[in-house]
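Working notes for the structure below.
The values are calculated or read from the model by the stated rules, or taken from the named source; none is laboratory data. Every value quoted in this text rests on a predicted model; they were computed, and no experiment measured them. Neighbour counts run over all protein chains shown; Cβ positions are idealised from the backbone, glycine included. These accessible areas exclude ligands, DNA and RNA; they are computed on the full protein's heavy atoms, side chains included. Shrake-Rupley method; radii C 1.70, N 1.55, O 1.52, S 1.80 Å.
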Amino acid sequence: MKLESVRVEQFKQFKKPFLLDGLSNGINVISGPNEAGKSTLVRAIRAAFFERHRSKSAEDLRPWGDSSAAPTIELVFHHNGQNWQLNKSFLQRKRCDLSIQGTTYSGAEAEEKLAQLLGYQFPKKGASKEEHWGIPGLLWVEQGSGQNIEQAVVHAGDHLQSALNSLVSEVVSEGGDGLIHTVRQQLGDLLTAGGAPRAEYKQLLADELPGQQALDALEGRVDQYQNQVDRLAKVAREFHKTDREQPWVKVRQALAEAEECYRHIESLQGQQQTLNQALTSIQQRAALLQRNKQQVQADGQQLQQREQERSTAQQALSDVQASTAALHAALAQCQSQYRDALEAERQAGLLETRQRLELSSVRVKAQLQQLSERKSRAVELQQTLGECRKLTARHQISTVAVDQLRTTQRQLDDTRLRSQAIATRIEWQLEAGQQVELGQGTLPHQGEQLLLASTRLRIAGVGEFTITPGGDDLARCQRQLEQLQLALGEQLLALGITDLAAAEQALVAQERAQADVHRLLELSQSLVPGGLASLDSDYQALSAELERNCAEKEALAPATTLAKGAPALAQAQDLRSDSENRLAAIEKRSSEHEKALLAASHRYQNADHEWRTLRTRLNSVQRQQEVTQLNSDWTAIEQEQARQQERLAQMLAQIAAARPEFVQQDIQRLGASADQLEQAQRGRELEVKELRARLEIWGAEDLEGQRGRCQADLEQNRRRCQQLQRRAEALQLLLQLLTEKRQALTQRLQAPLQRHLNHYVTVLFPDAQLEVNSQLLPGRFTRNGETGQLAELSFGAREQMGLISRLAYADLLKEAGKPTLIILDDSLVHSDSGRLDSMKRILFDAAQRHQILLFTCHPDNWQDTGSETINLEALKARTVF
Amino acid sequence: MPRFLHTADWQIGRYFKRFDTDNSSALADARYGAIERLAQLAVEHNCDAVLVAGDVFDAQTVSDRCIRRTFNATSGFKGPWVMLPGNHDAALAESVWTRARRINAVPNNVHLALQSGVIELPQQKIAVLVAPLTQRHTYDDLTAPFDLLSTPPQWLRVGLAHGSVQGVLADDIDATNPIAADRSASAALDYLALGDWHGLKQINERTWYSGTPEPERFRNNQPGFALLVTVSEAGALPEVEALETARYHWHQWQEKLLVETDIDELLKRLDALPESSVLDLKLEGSITLAGEQRLVDVVSRAEARYRSVTYDRSRLLLAPTEEDLAGLQASGYVGDVLEQLQTRQNGADAQTARDALAILASLLLEARKEKHP
């Protein structure tokens, strides 16, 4: 294929018509700076082929801002000696006209022709995407996508295979792909992609089970219907038969007979009842008589018994009486013993009391004595105390004042000393006859004096000296001294003493007196705690007690003396209590004895009385008569009883013979049977009615018809299902065989492709190898003994490999006689100059076989192509029509 | 000269499940048509009565509509019809007959022989001794009482029964109850009209099976007739004439196709068939692709032409010849596949291989046709 020219108008930046021509076989370098329209031209070529002219997704082809544009592309190319001319416009004016060597095609037909020629397809709707681009997608490399070869190969797969089929040296399979496609389609009508039934087939399979179930249900219902019909026949037959025979009639007859029989038995039983009653009354009478007889017997026994009792009571009485005397003697003895003991006790008691009283008096007297002593002492003390107190009062002197006095005195002394210290001391020793006056006084012959104030010293004949003792202090001191002396004097006065020493003495005396008072107080306190008054009262109390004692003692007199050997009080008491106890016991026994005696005599009297009465009664005449009567009655009744019992026995035998229980059972049995028979018959009648009604309804449902239809449908379903299954299996087998074969073929293309690829790879990498797999994809790359994947190479290397692979495909396609236009938009920009050289050599080689359009903005890189570079700018400057 | 029509086994309400809905409904309809035709024949031939020897209905629970249609179809002949319950429509306690009575579908001139005995047709001076089946399964000879039944003198004495004549028919007859072969003699019958065997069959001079008036299965035992019985005078042998009543003729062919001409033969025979045919083809052998095409064509035309055509060609192999293969223009691997499929026809998945081969062949032929129209 050789592209001759490309003309665009109203296409993106090419608002005015633009013509690219002057294209030659082999490599065409088309250069232009950025935005010159290189990629736009590529887009134009692609759009001319890939996009449907009616496409609504062609907006991007419009020039900016021109909403009424109709982008137009005209292409002229040759292939296989034929001249192809394509005229396509979009949007505002949708057109596609194709002329192949004079034969014209339009619209979709034209587009199909193009697709068939180059090996791509159109999208069902929307814009064309890479999956539609087929072989051109592989050979026309877009900017920056040179390194992605895998996707392009995959998308071009089918087209490649069909294009390359002719290369296989075996017989070509024309239309094999179409066949596979058809088979697949037909299979797709029956099965889903996963091999599961779909559509009608699926439905048929799904209907199988419900169909079968429905059929089974209908069969069930038909069976049921038939069963019911059979049952109706059976029951109806039974009903009629029973209706004729009427078995209950006989049964009812038998029942009546049995009942008659039973009534007879009942009357017998009535008679038996009367007999029974008579017998009972006889028996009652007999019983009565029997009782009477027993009574008579009992009476006799009783008499004997009473006699016995009487004699026993008598015996008892005499026994008791025997012991009376002894008991009385014992009692008297005990009593006298008790009296003696009591008296002894009393005596002992009196003695003790007396002794006690005496002791007590002595004690009390002693106490009294003590008390009076204490009292006198206390009075003494009281006196002393009074005196002391008086003394104290006299020596009353305030300690405080004394302290003050002391202080003042001290101060005075201090001040005096100080003044003396300060004062000027003047000592003199006068000569004879001399006279000196100091102050107011004439001085003695010798002496000393302190001068406290300014003092005039006059020495006759000499003059006057004024001696002023130094310091203010002295004056002050002097003043103080005066003050203090004054104060002292006042204080002494107040206290009424002459001086401090006296004061001290007085103080001491006071203290001593106070101490005395204190001591005395304590003494008196210990002596008389409660005070004199309590002492008095105690005294009085004791005196009274003493009086009492004396009185008591008096009462006790006359003084009794104890017999010698008389026991003491305690002993006497013991004796007394012993004898008291003994006495009590004896008294008790005595009283008991009395009681017993009384009781025995009483009993005897009773027994005697009883015996007598009974005896009299039993021996009476009336009584004898009664007894005789009784005996005769007894015999009579015994006879009667026997007779009656015999009659009764006879009756019972008669009844038993009639077997009443069996008759009763018969009645029950027969009655139940008759009821049951009648009931059953009614039941049958009812059932027949029911069955008829039910069958009427069911019969109208056309069950067997439904079943027949259901069966027919099911069978038809199955037949059709089987048909489809067979068809699916056949199609599957066919598809499998076809695709297997085809795959085998494809694999045979692997070898030539590999050959072409190797041819180029060795130019770039002398020792390297790029392997192409059974899917015809380049993958494994081996160099210098190392193996890796194509995808692992660098960007630049991948771009180079990508281009090489495409060229290999192109070579293969060329061999198959397919068009191979190669378009490279700004390729190999990431190749270094060394690699670029190698790539150029490869391209030049390829250009021997294919037309290559190489768009670039680096014309310098491509100066050594051997052909002239086409300058876009220059072309744009031309006017085109 | 008393004359009557003897028919049996109408099997009204039968479902033909081996056919599709259209065909089966047409065939069901045809059965009513048969009754009408019988009525027509009865009128044409001046019959005194029509005797139906059992299996009027195919099932007990046929729909009410079905019942009515059946009796309506008899309206063509106003004379007496005597219908005997067979084993499909036995006179049970509740049966299609009781229901027919209940819905008042039975016209006055139709006598239902629901009980064993004699049905007298005084106007026609015909006494019909009837032996209806009254149980779901009967094993006794129900015609035995005939020997003891008396009928008015000088009247025609005709027996009407349903069952299999002992010792004469094969065991594959439908009903289980036997009928003595000499019943007509032992019961002094002028004629014994039998039903249950669906084909026309004479037992003896006085005993016949009429068969079903409209065929309903693929059995070549002469179905599709009714018998016109004339007794010229008392004691004379009956004259029996077979009248054809069938609308559709059922054919079942087993064909072995080996050479091209076999198909031609088949075609010729097919062409000879009347349109009202129900055909079942069982094909076996092997044919070429060309033959296959022809066969498919032939069958498809037959399907359109005749009432129904069903066929089974599971045992028919496809054996394409060299010419066939060349004609297919199966190039390259497709040709290989063709060969593979051919050989696989003799292997485990023979059926699938044959089908695949057929599909492939047809696709190729279509493709070729497209290319060279």
Tell me the net charge near A:Ala69. Cut-off is 13 Å between Cβ atoms, A:Ala69 excluded, with +1 for each Lys or Arg and -1 for each Asp or Glu. +2
Under a 5 Å amide H to amide H cut-off, with H placed in plane at 1.01 Å, what residues pair with B:Leu192 once short-range neighbours are removed? B:Gly159, B:Thr207, B:Trp208
Only helical DSSP H runs with n ≥ 4 go in: add -39500 (n - 2.57) per run for the protein assembly as shown, normalise by residue count and round the 222 nm mean residue ellipticity to 500 deg cm²/dmol. -20000 deg cm²/dmol
Short version: which residues of the range A:721-752 lose at least 40 Å² of accessible area, all chains versus chain alone, 1.4 Å probe? A:Arg726, A:Ala730, A:Leu733, A:Leu734, A:Leu737, A:Leu738, A:Lys741
Quick one: what do you get for the range A:748-881 if you divide its Cα Rg by 2.2 N^0.38 Å? 1.16
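Starting from the exponent 0.38 and prefactor 2.2 Å, build the expected Rg for the range B:163-316 from its residue count and divide its actual Cα Rg by it.
1.39
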Size of electric dipole in chain B: Cβ of Lys, Arg +1 and of Asp, Glu -1, about Cα centre, debye, nearest 20: 1120
Would you check the accessible area of A:Arg647, probe 1.4 Å, heavy atoms only, in square angstrom rounded to 10? 120
Assuming 0.36 nm per residue, please report the length gained on full extension of the stretch A:Ala393 to A:Thr498 beyond their Cα-Cα distance. 35.9 nm
Among the Cα-Cα pairs of the range B:34-94, the proportion with separation greater than 16 Å, in percent, is 47
For the range A:485-528, alpha-carbon Rg and Dmax in angstrom: 16.1, 52
Just to be sure I follow: if Rg is taken over the C-alpha atoms of the range A:304-348 and Rh is the Kirkwood radius over the same atoms, what is Rg/Rh? 1.49
Which whole-percent values make up P(r) of the range A:825-881 when all C-alpha to C-alpha distances are grouped in 5 Å steps starting at zero? 4, 15, 25, 26, 15, 8, 5, 3, 1
Near A:Val249, within a Cβ-to-Cβ distance under 14 Å, what is the net charge of the other residues, with Lys and Arg +1 and Asp and Glu -1? -2
Between the alpha carbon centres of the range A:491-509 and the range A:312-379 the gap in Å comes to 82
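Out of every Cα-Cα pair in the range A:397-553, what percent are more than 24 Å apart?
So the portion of pairs separated by more than 24 Å is 65 percent.
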Relative intensity, log₁₀ I(q)/I(0), of the range A:321-451 from a Debye sum that treats every alpha carbon as a point, q = 0.21, 0.22 Å⁻¹: -1.19, -1.21
With +1 on the Cβ of every Lys and Arg and -1 on the Cβ of every Asp and Glu, and nothing else charged, how large is the dipole of the protein assembly as shown about its Cα centre, in debye rounded to the nearest 20? 1740
With Rg and the Kirkwood Rh both taken from Cα atoms, where does Rg over Rh land for the range A:522-666? 1.74
Expressed in nm to one decimal, what extension gain is obtained for the pair A:Glu260 and A:Phe795 from 0.36 nm per residue of sequence separation less their Cα-Cα distance? 179.7 nm
Checking the a/c ratio against 1.5 first, then a/b against b/c, what shape does the Cα gyration tensor give for the range A:1-147? rounded
Using the basic label-point model (7 angstrom from Cα toward the beta carbon), what is the A:Gln284 to A:Thr739 distance in nanometres? 12.0
State the percent of C-alpha pairs, over all pairs in the range A:645-753, separated by a distance greater than 22 angstrom. 76
Could you pull the Cα extents of the range B:90-185 along its three principal axes, largest to smallest, in whole Å? 39, 36, 18
With the contact rule set at Cα under 8 Å and sequence spacing of 6 or more, what percent relative contact order holds for chain A? 26
If you plug each phi of the range A:179-193 into the Karplus form 6.51 cos²θ - 1.76 cosθ + 1.60 with θ = phi - 60°, what whole-Hz ³J(HN,Hα) values come out, in order, with x for Gly and Pro? 5, 4, 4, 4, 4, 4, 4, 5, 5, x, 5, 9, 10, 7, 4
Quick one: what are the phi-derived ³J(HN,Hα) couplings along the range A:819-832, Karplus 6.51/-1.76/1.60 with θ = phi - 60°, whole Hz, x for glycine and proline? x, 9, 8, 10, 10, 10, 9, 6, 8, 6, 6, 9, 9, 6
Listed residue (A:His830, A:Phe844, A:Leu803) projecting farthest to the positive dipole end of the range A:786-845, Cβ model: A:Phe844
With a ≥ b ≥ c taken as the square roots of the eigenvalues of the C-alpha gyration tensor of the range A:209-336, please select rounded if a/c is under 1.5 and otherwise prolate if a/b is larger than b/c or oblate if it is not? oblate
Work out from phi, with θ = phi - 60° and the Karplus expression 6.51 cos²θ - 1.76 cosθ + 1.60, the ³J(HN,Hα) of each residue of the range A:69-81, listed in order in whole Hz, and give x for Gly and Pro. 6, 10, x, 10, 10, 10, 10, 10, 8, 10, 7, 6, x
Would you work out which of A:Ser601, A:Gln297, A:Leu351 lies farthest towards the positive end of the dipole of chain A? Charges go on Cβ: Lys and Arg +1, Asp and Glu -1. A:Gln297
Residue separation between A:Arg95 and A:Lys595 times 0.36 nm, minus their alpha-carbon distance, gives in nm 163.5 nm
Any idea how far the Cα center of the range A:570-586 sits from the one of the range A:213-238, in Å? 123
Could you sort A:Met1, A:Met801 by their accessible area in this structure, using a 1.4 Å probe and putting the largest first? A:Met1, A:Met801
Amide proton proximity set for A:Ile30, modelled H, under 5 Å, gap of 5+: A:Leu854, A:Phe855, A:Thr856, A:Ile870
5 angstrom amide H check on B:Lys282, placed H, neighbours 5+ away: B:Trp253, B:Gln254, B:Glu255, B:Asp312
Using a basic spin-label model with each label point 7 Å from the Cα along Cα→Cβ, how many nm lie between A:Ala672 and A:Ala656? 2.8
Bridge orientation stat for the protein assembly as shown from DSSP, antiparallel percent rounded to 5, came to 55
Round to the nearest 10 and report in Å² the accessible area of B:Trp155, as given by a 1.4 Å probe over the protein chains' heavy atoms. 50
Loop-only GluC sites (Glu not before Pro) in the range A:1-82, please: DSSP not H, G, I, E or B, and at most 12 other Cβ atoms within 10 Å. A:Glu35
Please report the projected area of the protein assembly as shown's Cα convex hull averaged over all directions, in nm². 178.7
For the range A:339-383, size of Cβ-based charge dipole, Lys and Arg +1, Asp and Glu -1, in debye: 260
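Using only the C-alpha atoms of the range A:222-267, find the volume of their convex hull and express it per residue in Å³.
On the way: hull volume 2.7 nm³, N = 46.
Spread over its residues, the Cα hull of the range A:222-267 gives 60 Å³ apiece.
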Could you compute the FRET efficiency for B:Ser362 and A:Glu109, with r as their C-beta to C-beta distance and R0 at 25 Å, rounded to 0.05? 0.35
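Write out the GluC sites (Glu not before Pro) in the range B:250-307 meeting two conditions: DSSP loop, and at most 13 other Cβ atoms within 10 Å of their Cβ.
For GluC sites (Glu not before Pro) across the range B:250-307 that sit outside H, G, I, E and B with at most 13 neighbouring Cβ atoms in 10 Å, the list reads B:Glu275.
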With unit charges on the beta carbon (Lys/Arg positive, Asp/Glu negative), name the residue among B:Asn177, B:Ser276, A:Gly705 whose Cα is farthest towards the positive pole of the charge dipole of the protein assembly as shown. A:Gly705
Compute the signed sum of charges (Lys and Arg +1, Asp and Glu -1) over the other residues within less than 15 Å, Cβ to Cβ, of A:Ala286. +1
What per residue convex hull volume, in Å³, comes out for chain B when only alpha-carbon positions are used? 166
Label the range B:224-289 by shape, choosing from rounded, prolate and oblate, from the square roots a ≥ b ≥ c of the eigenvalues of the Cα gyration tensor; if a/c is under 1.5 it is rounded, and otherwise prolate applies when a/b is larger than b/c, oblate when it is not. prolate
For the range B:1-103, state the average projected area of the convex hull of the C-alpha atoms over all orientations, rounded to one decimal in nm². 6.9
